[in-house]
Structure formats: C-alpha cells, structure tokens
1. What value, in deg cm²/dmol to 500, does the helix sum -39500 (n - 2.57) over DSSP H runs of n ≥ 4 give at 222 nm once divided by the residues of the chain?
2. Which order do the peptides 53-62, 15-24 take when ranked by the mean count of other beta-carbon atoms within 10 Å per residue, highest first?
3. Among 45, 30, 163, which residue has its Cα positioned farthest towards the positive end of the charge dipole of the chain, with +1 placed on the Cβ of Lys and Arg, -1 on the Cβ of Asp and Glu, and the dipole taken about the Cα centre?
4. Taking K and R as +1 and D and E as -1, what net charge do the other residues with C-beta under 11 Å from the C-beta of residue 157 add up to?
5. Can you compute the FRET efficiency between residue 216 and residue 178 using 1/(1 + (r/R0)^6), with r the Cβ-Cβ distance and R0 = 22 Å? Round to the nearest 0.05.
6. Run through the range 141-172 and list the trypsin sites (Lys or Arg not before Pro) located in a DSSP loop whose Cβ has at most 16 other Cβ atoms within 10 Å.
7. Within the range 166-201, what residues put their amide N at less than 16 Å from the label point 7 Å along the Cα-to-Cβ vector of residue 75?
8. What number do you get for the range 20-79 when its Cα radius of gyration is normalised by 2.2 N^0.38 Å, N = residues?
Amino acid sequence: MSETMTPETMTKAAVLILLGPPGAGKGTQARMLEERYGLVQLSTGDLLRAAVAAGTDAGRAAKSVMEAGGLVSDEIVLAILKDRMAEPDTAKGVILDGFPRTPGQAEALDALLAEQGLKISAAVSMEVDDAAMVTRVSGRYTCADCGEGYHDSFKQPAVDGCCDKCGGKAFKRRADDNAETVGARLTAYHASTAPLIAYYGQRGVLRKVDGMGAIDSIAADLGRIVDEVTA
Ligand code: AMP
C-alpha cells in the first residue's frame, strides 16, 4: 500500500468526484477529505444555496427548482461551477460533491478539465440503500458557523446545543431536507445521475465504496483511493 499522501507529498492535482444519492454522505466525506488532503470541496448545492441567499439572477432562477427537489438547469450550474473552479485555491485539487449530476454536465466537465490540462482522478460511487436515505436526510442539520454536520439520530453534538468543532450555538436545517422533497431528489438521482456510474465505469475511473458503514470507515476507504490516485 502507498504511503499516506499529505498536501505536501501529493504529486498531481486530484479531481475526485463523489457520486451518490442525497444522504449518501458526500458532503460529510468531502469535508473530511478537504481537511486531510488540502483539497477543496466544490458542492454545487452549496454554491446554489449561496446564490439563492445572495439573491443573484442564478439564485432566483434556481430557488423554486431546488425547493421542489428538481435539477437546476445545466446552464446555471455550469456557470457557477466554472467561476468557482477559476479561483486559485482549487489548484491543488478538488472534490466535486453533487456535480456532475447529468450526462450533459459530465461531458461539460470533461471539456472544462481538458482546457486546464486536468483529468478525473476517480469517480467514487458511494453505494447506499435508498430506503435509508429518507431517514438520513430528514434528520440532518449543520452548525450555522462552521458547517459541521449532525443528525437527530446518528450524530448529536457531545454537549447539547454546542458544536463539537467550533463551539457554535446556532444550527440550521436545509429547506429541502424534508421527506417529501427527498423523494423527488431521489427520483432525480435515479433518472439523471445514476447513469453516470456506467459513464465513469467505461472511462476506467470508477471506484465504489460501501456508504452504509461508519463514517470513519468510509473515510478510510476514500483515503485509500485518494492515496492511490494522487501517488
Ligand atoms: P445538494 O446540496 O447536492 O443536495 O443539492 C441541493 C439541490 O441543488 C438539488 O436538489 C438541486 O436542486 C440543486 N443542485 C445541486 N447540484 C446540482 C447540479 N449539479 N445540477 C442540477 N441541480 C443541482
């Protein structure tokens, strides 16, 4: 097995894609990889939520689609992603969380990376049971200050009402993390995003991890993949 990589020993920019339905743990794992490897988490969901909060044209167009659990147009998502990818902090590598979500986005990503002389290091499918996702998503919330994730049943702060990570006292839940919208999001995932598993399989970059295990054991599996593809 290769030695564990650190931001200093990584030899090439990693482009890691996390694939999986809502609730698979993409955001949690992306944040852990970000801390451990100095990669940057690019979540199109976060970028869109920021656009909605800022009231930009893109945010106004995306808001109702997101509330209904549908997919925002490729045009808006690609514009938002391109802007973010142009920022210098992405040079060491990125973890794409929630993107690409359609075959059109996957092709656009290939073109964008080719322009920058980059290619996909690995597309990791986080394999989970659909039935468990509604419970996982419906109970989750985050620290309003640092974004650390929690869950009503699976991961509560050690001290009630106080973030383990930053001590923050305010928490928030996403507007679309309710049982109804999760159903629509799962449907969108199976219709538009799941076919990307075969797409990346054909390109020889697909990896699979068991997403039903403990958070730390999934992180260890992902770490092994990052170590391998960045060696
Ligand atoms: P997420 O935070 O990844 O669960 O995304 C939340 C919502 O943002 C999704 O349900 C979509 O409405 C929208 N969204 C995020 N990423 C994309 C994307 N790549 N393509 C289209 N819509 C997206």
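Quick note: the coordinates plus some simple rules give every number you see, no bench work behind them. Remember, predicted model here, so these are calculated numbers, not experimental data. Here the Cβ is made from the backbone with ideal geometry for all residues, glycine too, and neighbour counts use every protein chain on show.
1. The helix contribution divided over the chain gives -13500 deg cm²/dmol.
2. Output ranking for 53-62, 15-24: 15-24, 53-62.
3. In the chain, that residue is 45.
4. Its environment carries a net charge of 0.
5. So, using R0 = 22 Å, E works out to roughly 0.20.
6. In loop regions of the range 141-172 (DSSP not H, G, I, E or B), the sparsely surrounded trypsin sites (Lys or Arg not before Pro) are 165, 169.
7. Taking a point 7 Å out along Cα→Cβ of residue 75, no residue of the range 166-201 has its backbone N under 16 Å.
8. So the range 20-79 has a normalised radius of gyration of 1.24.
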